[in-house]
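Below is one structure; the comments refer to it alone.
The values are calculated or read from the model by the stated rules, or taken from the named source; none is laboratory data. What you are looking at is a predicted structure, and each value in this text was computed from that prediction instead of being measured. Note that we place each Cβ from the backbone using ideal geometry, even for glycine, and neighbour counts take in every protein chain shown. Surface accessibility is based on the protein's heavy atoms, side chains included, excluding ligands, DNA and RNA. Shrake-Rupley method; radii C 1.70, N 1.55, O 1.52, S 1.80 Å.
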Amino acid sequence: MSRTRSVATSTQGVHRRTVLAAAGAVSLSAGAGYALRPTDSQAATTAEQPVATSRRAAPAPLAPYSRGTTLASVAAPLSGSGYRRLGDGPGWKRVVRDELAAPKSGRAGRRTTLAAFVQFTDLHLMDVQHPLRLEFLRAHDPHAWRPHEALTVPGAVSLVERVNALRGAPVTGAPLHFVMTTGDNTDNNAHSELEWFMKVMSGGRITPDSGDPRHYEGVQNSGLKLYWQPGSTARDGDKALGFPYLKGFLAAATREVRSPGLNLPWYSTVGNHDSLPLGCYGSHGDPYLTEAAIGGRKLMSVSAADARKLQDTIKKATDPKGVGYRDFLKAHARSMRQVTPDEKRAPYTRADYLKAHLDPAHQGLGPAGHGYSSANLDADTQYYAFRVSEDVIGISLDTTDPGGHYEGSVGTAQLKWLDRTLKDNKDSYAVVFSHHTSRTMTNTRPDPGRPGERRHNGAEVVSVLSSHPRVLAWVNGHIHRNDITPHQASGGRSFWEISTASHVDFPQLARVVELVDNKDGTLSVFTTLVESAAPHRTDHADLSQTGLAALYRELSYNAPGANKALAGDAVDRNTELVLKKG
C-alpha cells in the first residue's frame, strides 16, 4: 500500500538553475549543445526556438507560500440547501505520494529547482449564441447545458489575473517559466471563440457576443422553462431550484471584457473541442453544418426522447462525421428560431488555428507561435517540442482524432516522432503535454487526411514514455477532474500522469507544477492548484467583470446535474510526487 501524508514545506532560496532560467532566452541550436533536432516533415519546432523564459525572481526568498492558492482557502458552499452561496472554505493540504520512490528526510534543504510552470486546461470559451450548440440535449440530460456558460470569458480572464499575481512557484519560490494550455481552449471550433481565446491569453479587448450586437439571442431569453431565464421574473426550472432573478445579466455577459494578458510566455496544446465541431464530429466534412454554423436558424427545444437518441449517438460514436446530426437538424427545421447570421461563427481549420497562434497581434510575451511554427503549417501538424530550461524539455502532443469522436489517439508518425525526440534529448528531463489522458485515448478511428496511417491508443503512448528514464510527467486534461496516476515500468522507469480539472466546471482550477532535484537520488514534482482571482463570495448586484467571474464559479457549483467529485481526492490535488532519478 502507498504511504501518503501531509507535509509543510520549508523556506527555500533561489538556486543557480532558477537564475539561469530567469536570465533570458537560450538558443536551441546545435551550437548551444541542445539536442532538439526536428525534421521538416514532423514540424516539431524550429532550431531557433527559445527557452521558456520567466519573470525574474524577487530579491528576497518567496517560498514557501500559500496565499492565492488552494493551500490557503478553497471556494466552498455555505450552510443551507437548494441553491447555495459560496464562501471561503478550508484549504487543501499538501500530500506526499511515494508509490514510485520513497521520500528521504532532509530533502527540503537540499533541493534545487529544475523548472516551474502553470497548466490551464479545458477553458471551453463559448459563443453561447452559436446556432449549432447542443443546449436542447438538456431535455434529457440536465448537465448538457449549464447556467454559467455565458460567463466563460470573464471567468478565464480572472484566471489570468490570478496567475499574474502569483509570487513565483509556491514551494520553491522559483520564477514561473510559462503557462501551458492543454486543450479545449474553445468549445465549438468557432472563429469567434478562437479570437477570444487568443486575446484572453495575450491581452486585449473582447466582446463575448455574436449575431446581433444590440442584444443577446439565445436560450437564456427564449422564454423556455428548460433554461434559466435570468432577466425574467417568470418561473423556470432553474429558478425552481433557487437560481436568482438577475436584471441586466445578459447585457453584462455580452459586453466588452478586458484581459491584461499573461505576464508569462504561454504555450498551446490542442483539444478535441478545438479541432472538431461540437468536439465530436469529423473536421468540416459536411457543408450543411458549416452553413448552419453561420446561418440564421437555431434549434432550442426538442423532446426528451429525441435528445436522448442524439446524445447516445455522440457518446457511442456512431455518427463520427455528423451525418446523423445533419439529418436531425433537418428533421427539426420547423422548430428552429430565427437568429442573426454571423460569419465569425464559421468553424476554423487546423491551419486557421496555427495561423492565429502565429499572428504577431496575439504574441503577448511570446514565444512567437506559442510553440507552433511555420513548419507545422507546412506539414499540417499540431505537435512540437521546446526547451523549458537547462535540464528540461517540453513536448506538446496532438491527441485529437480528425476522424471524429471526443476520445483521442495519435498517429504512427507522431508516436515515432515522440520516441525520437526523447532519444535525441536523452540527457534532459522531459514533461509531456496533451489534451487526452492515457485512459481516454481509446479512439483509433482512421484520420481521413492520412487514411493509411495507424492510430495508437493511450497504452501505447505510456509504453513509449516508460521506455525513457528521464520522462518525469505527462500533464493533461479532458476529463474535467483532478486525477494523478503513477506509471511504473520494468527497470525502475517511471513517471507521473497529472490530469487537472477544467475551468468550466466547478471547482474551476489551474495547476502550478514545480520540478525539483532532491540531490539524494530522487526527484519531486510538486503540484499546487489555484482558482481564479474572483472572490469566493458573490454579490448578485455586482455585474462588473470581477463580479461576473465570481458568479461564474457560484453558478457552476449549482449547475443542475453537476458532478461534485471533480476536485478529486486529496492525493490528486496539492501534492509532492516523488520518483527515482533517471
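A few remarks follow.
- Out of GLU576, GLU554, sole residue that is surrounded by 20 or more Cβ atoms within 10 Å (Cβ to Cβ), in contact (Cβ under 8 Å) with a residue 24 or more places away in the chain and farther than 24 Å from LEU176 by Cα: GLU554
- GLY364 open to solvent by less than 60 Å² (accessible area, probe 1.4 Å) and touching a residue at least 60 places away in the same chain (Cβ under 8 Å): yes
- Any hit, the stretch 243-254, residues being farther than 30 Å from ALA533 by Cβ, surrounded by fewer than 20 Cβ atoms within 10 Å (Cβ to Cβ) and small (Gly, Ala, Ser): no
- The residue of the stretch 318-341 that is most open to solvent (accessible area, probe 1.4 Å), among those that are outside any helix (DSSP H, G or I), within 30 Å of THR444 (Cα to Cα) and out of contact with any helix residue (DSSP H, G or I) (no Cβ under 9 Å at 6 or more places or on another chain), is LYS321.
- Only one entry in ARG235, ARG258 is surrounded by fewer than 24 Cβ atoms within 10 Å (Cβ to Cβ), modelled with pLDDT of 95 or more, assigned to a loop (DSSP other than H, G, I, E, B) and not β-branched (Val, Ile, Thr), namely ARG235.
- Screening LYS199 on (1) open to solvent by 10 Å² or more (accessible area, probe 1.4 Å); (2) in a loop (DSSP other than H, G, I, E, B) shows it passes everything except condition (2).
- Flag if ASP359 is closer than 26 Å to ASP209 by Cβ and crowded, with 21+ Cβ neighbours inside 10 Å: no
- For first residues located in the stretch 71-99 and farther than 30 Å from GLY521 by Cα and open to solvent by 50 Å² or more (accessible area, probe 1.4 Å), partners that are aliphatic (A, V, I, L, M) and part of a loop (DSSP other than H, G, I, E, B) and lie 6+ apart or on another chain with Cβ distances below 7 Å form the pairs ARG84/LEU78; ARG85/LEU78.
- Scanning the stretch 472-516 for residues that are under 14 Å from the mean Cα position of the chain (by Cα), of a type in the set (Val, Ile, Thr) and in a strand (DSSP E or B) yields VAL475, ILE498, VAL512.
- Where LYS344 falls short, out of the listed (1) on the phi < 0 side of the Ramachandran plot; (2) open to solvent by 20 Å² or more (accessible area, probe 1.4 Å); (3) out of contact with any His (no Cβ under 6 Å at 6 or more places or on another chain); (4) not in a loop (DSSP other than H, G, I, E, B): (3)
- Which listed residue is part of a loop (DSSP other than H, G, I, E, B), touching a helix residue (DSSP H, G or I) at 6+ places or on another chain (Cβ under 6 Å) and either of a type in the set (Ser, Thr, Tyr) or without any contact (Cβ under 8 Å) to a residue 24 or more places away in the chain (or both), from PRO560, PRO535: PRO535
- Only one entry in ARG420, ARG439, ARG450, ARG445 is open to solvent by 10 Å² or more (accessible area, probe 1.4 Å), touching a Gly at 6+ places or on another chain (Cβ under 9 Å) and assigned to a helix (DSSP H, G or I), namely ARG439.
- Listed by first and then second residue, the pairs with beta-carbon distance under 6 Å, at least 6 apart or on different chains, first residue in the stretch 298-318 and under 19 Å from MET336 (Cα atoms), second among the polar types (S, T, N, Q) and open to solvent by less than 40 Å² (accessible area, probe 1.4 Å), are MET300/SER222.
- Cβ-Cβ contacts under 6 Å between residues 6 or more apart (or on different chains), taken from a first residue in the stretch 439-451 that is farther than 15 Å from ALA413 by Cβ to a second residue that is of a type in the set (Asp, Glu) and not in a helix (DSSP H, G or I), are listed as THR440/GLU407; THR442/GLU407; ASN443/ASP401; ASN443/GLU407; ARG445/ASP401.
- Answer from LEU354, LEU415, LEU377 - the residue that is open to solvent by less than 20 Å² (accessible area, probe 1.4 Å), assigned to a helix (DSSP H, G or I) and hydrophobic (A, V, I, L, M, F, W, C): LEU354
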